[in-house]
Each structure stands twice: as structure tokens, then as C-alpha cells.
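See structure below.
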Amino acid sequence: MEVLAIILFVIILLALLTGYPVAFTLAGVSILVGYFTVPDFLDFLPLRIMGVMKNYVLLAVPLFVFMGLMLEKSGLAQSMLNTMAMLFGRLKGGLAVSVVLVGALLAASTGIVGATVITMGLISLPTMLKRGYKTELATGTIASSGTLGQIIPPSVVLVLLGSVLNVSVGDLFAAAIVPGVLLVAAYLIYIITYAQLYPDSAPSVPQEEIDAFKKDGYFKNVLTAFLLPLILIVSVLGSIIAGIASPTEAAAIGALGATILVIIQRKWSLEVLKEVMKSTTHLTTMVFLILLGATTFSLVFRGLGGEHYLINAIQEANMSPMVFLLFVMFVIFIAGFFIDFIEIIFIIVPVVLPILAGFKMDLIWVGILIALNLQTSFLTPPFGFALFYLKGVAPEEVQTTQIYKGVIPFLAIQLILLLVVLFFPGILGLLN
């Protein structure tokens, strides 16, 4: 029976690689195997499903997605980028700096890598190339900025990780602030340094454009396009960490606040609202269908004794906690080439969670490592999801090899930060 549990896990992974819908693969294969092996365990499935649907924290998922999509689809992201580009216009590489900062704001509000990379690619890549930016620098900046949503709170990734790891989402958010800030700072330092060394690869904005921008409602543009969205996101995050609001309550405030910002910018319309609601429903439905499929898989896997089999195997192998953690990180890193973060969180993490808990590891620390690991995986050539998303919206003259070369420096930065958090977990509590 225990061997059947491992076979079930392998069959599901192979089925996912062939392209079958994740949610139906998880649920369908698990129910078939469970029906013929542990039918009594399937009696608990309705209770498990209702437990998921009644999880108050998971209500934050559609609200955070709505918040981010409202900022993106209303055109506010375009205004943010244009305004910030003028703020840093005199600086060599100022447009790339703006892309990182806007990408961080958008990524924090959605946490959906594809949405952020595609949006930033459509908005900023043609502009950067037109202004003479080196293609590798432009593509690397956009792709890496789009993956920041894996670690910068408040993000859907951390909400889902908190639910699966059974830890406080607020604590995860608090622990993610320092790595997120360090990562953005490292990106900016690299871009500014590169621009100083190779000024022709990252030119500044012409002075006449900056002067024209300042004459046309300068302070109003800065306030509405940059400061107000920043205040909104900081308020949402701050209310959670301070304990004033739960993640779900803060997400509701964020969704309402994003809508008000769009109204202030005079970019609100019924068409925008319909598009945002449709996309939010689509993404939320996908997340919850996968979650219900993963719940079914987890129930059958445990019914077959797979959890005990893995624990015994680790004990017999005399694997130390750190070696096991490194092994799990490697598996998640490779899985990130082929399946999305949602599947990884709901399939792989629950399987290894009992062992991690048995080793008495700090699950907040583990959650941050997983988020950083996924972010690195999505940016790694040749299979990184973020690279495929960017190639899909890039102009025809942008080659795939240029995108690969462009992300290498940013990938090195992420790996360094991942190792720092792995070996110096104390940095996660610097703000406490």
C-alpha cells in the first residue's frame, strides 16, 4: 500500500508533464486509486472539501488578485511607469530602475508571475528598446521584476503557503519584507552600476522630455500615479503585520482602495470592471480547483501510508534536517521548470510538510525559502516560465538567447540571496 502511494505521486507528476489539466488530474487519478485501495478514506473527502471552502484566510486570494488586476488593466500601471521614468529620468538606467520599482508594486499586489511579466513586457519593453537600451538589460530587468511577486508581500503565493504550512500569513508577510527589500535593492544597485559602466546601454531620458513632464501637472501626476498606489500597498501590508486587520480584511481594503485609485485617475469604466472581474474569477477558480484536487490527492496519499513511508525512508537514510531541506529545495527548483507555483504548493509541499515538522524546522523560514526558490526557478533558462511569458509579448527582433543572457545577472543575485536566507535565517527577523 505504501508503494502504491509513491506510484500515485509519480503517475500524477507524469500526467502533469503531458499537459493534462492539473485540477482534474489530481482529483481524478486520486479518486480512482482511492476507490480501489482505500475506499473508506474517500468518505472523509466531503469534510476535507468543506474545510477548504470554509477557510477564511483563502478569501484573501480573489481580493488580492482583484486589487492587482485593477491596477494593471485600468492603465494605472502605464501611468506609474511613465511618471517614475521621469522621476529617475536624469539617472543613467533610470527607466530600468522605474521598471523594477513598478514591477515590485504590481508583483506585490498580484503575486501572479505571468500577469506581471506580460504587463511589464507590453508596457515597458518597446519603450526601453526605442530609447536605446541594450536588449539583454531590458529583458532581464522586466523578467526579474515580474517574479518579485513570489516574495514581496502582500502576495497570493505567501497566502497559499501560509495555508498549506499552517502558519500565520501575517508572520510570513513580516518575514518576507527584508528579503524582498534586499532583492529590489540588489537589482537597483546592479542596474545603476551597469549603466555607469556602459552608459550607451542604458541612456537617460532627454532633458526636454523631463521639462515638458514637469510643466504638465508634475506634483499631481506623482501623487496619483506613484505615491497613492504605494500608500495603498503599504497600508494593506502594515495593517496585517500590525495585527489591525486579518489578511482577508486587508485584502478587501486593498481591492476597494485600488478601485478608488482608478476612479481618481479617471480610468474607471464598466468595461474595465468587467474585464477585471472576469480575470479574477478565472484565476480564483483555477486556484481553488487545483486546491480541491490537491486535497483529494493528499487524503488518498495519506490513506495509502505514503506519509509514513517517506518518514521511515528519511530516518533509515540517516538524512540530516539540512540535507533533507536541500533535497526538497532541489526538487521544488526542478519542478518549477515544468509546473506552476500553485501546483507545487499544493502537491509537493503537503507531502514533505510532516517530515519538515518532524525535524522541528521553523516553517516560516521554510516558507520564505520556498518562495525564493520558486522565484529563482521561474527565471532560470531554458525552462523558466517568466522567460516564456516575456518572449510571447516581446517584439520579433528580440531573440530568445538575448532574454536568456539578460536574466543571468539577476539570477545570480537571487541565488546569493537564497543562500543568505538559508544559512543566515536571522535576517528574517530584523524588523521584529
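Quick note: the coordinates plus some simple rules give every number you see, no bench work behind them. All of these numbers come straight from a predicted model, not from anything done at the bench. Cβ: placed from backbone, ideal geometry, glycine included. Neighbour counts: every protein chain shown.
Summary table below
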quantity: Tilt relative to the chain, helix 400-423 - C-alpha long axis, 0 to 90 degrees, to 10; calculated: 60
quantity: The chain: angle of helix 22-37 to the longest principal axis, Cα-based, in degrees nearest 10; calculated: 0
quantity: Estimated FRET transfer efficiency when R0 is 45 angstrom, pair residue 326-residue 223 (beta carbons, to 0.05); calculated: 0.45
quantity: Coarse-grained scattering of the stretch 119-216 at q = 0.20 Å⁻¹, given as base-10 log I(q)/I(0) from a Debye sum over alpha-carbon atoms; calculated: -1.01
quantity: Radius of gyration, Dmax [the stretch 320-432; alpha carbons; angstrom]; calculated: 15.8, 52
quantity: Within straight-line cross-link reach of residue 130, lysines at Cα separation under 25 Å, skipping those fewer than 8 residues along the same chain; calculated: 73, 92, 214, 215, 391, 405
quantity: Cα-Cα separations in the stretch 270-334 greater than 16 Å, expressed as whole percent; calculated: 69
quantity: Alpha carbon centroid spacing (whole Å) that separates the stretch 139-156 from the stretch 276-291; calculated: 20
quantity: Charge sum, other residues only, whose C-beta stays under 15 Å from residue 309's C-beta, Lys/Arg counted +1 and Asp/Glu -1; calculated: -2
quantity: Kirkwood Rh and Cα Rg combined as Rg/Rh, the chain; calculated: 0.99
quantity: Local electrostatic count at residue 283 - Lys and Arg +1, Asp and Glu -1, tallied over other residues with Cβ under 13 Å; calculated: -1
quantity: Charge context of residue 224, other residues only, Cβ under 11 angstrom, K/R +1, D/E -1; calculated: +3
quantity: Helix axis angle, 270-303 relative to the chain longest principal axis, alpha carbon, degrees; calculated: 30
quantity: Cross-link reach list, aspartates and glutamates versus residue 360, counting only Cα pairs under 19 Å and skipping chain neighbours closer than eight places; calculated: 171, 307, 316
quantity: The chain - percent relative contact order, Cα under 8 Å, separation 6 or more; calculated: 29
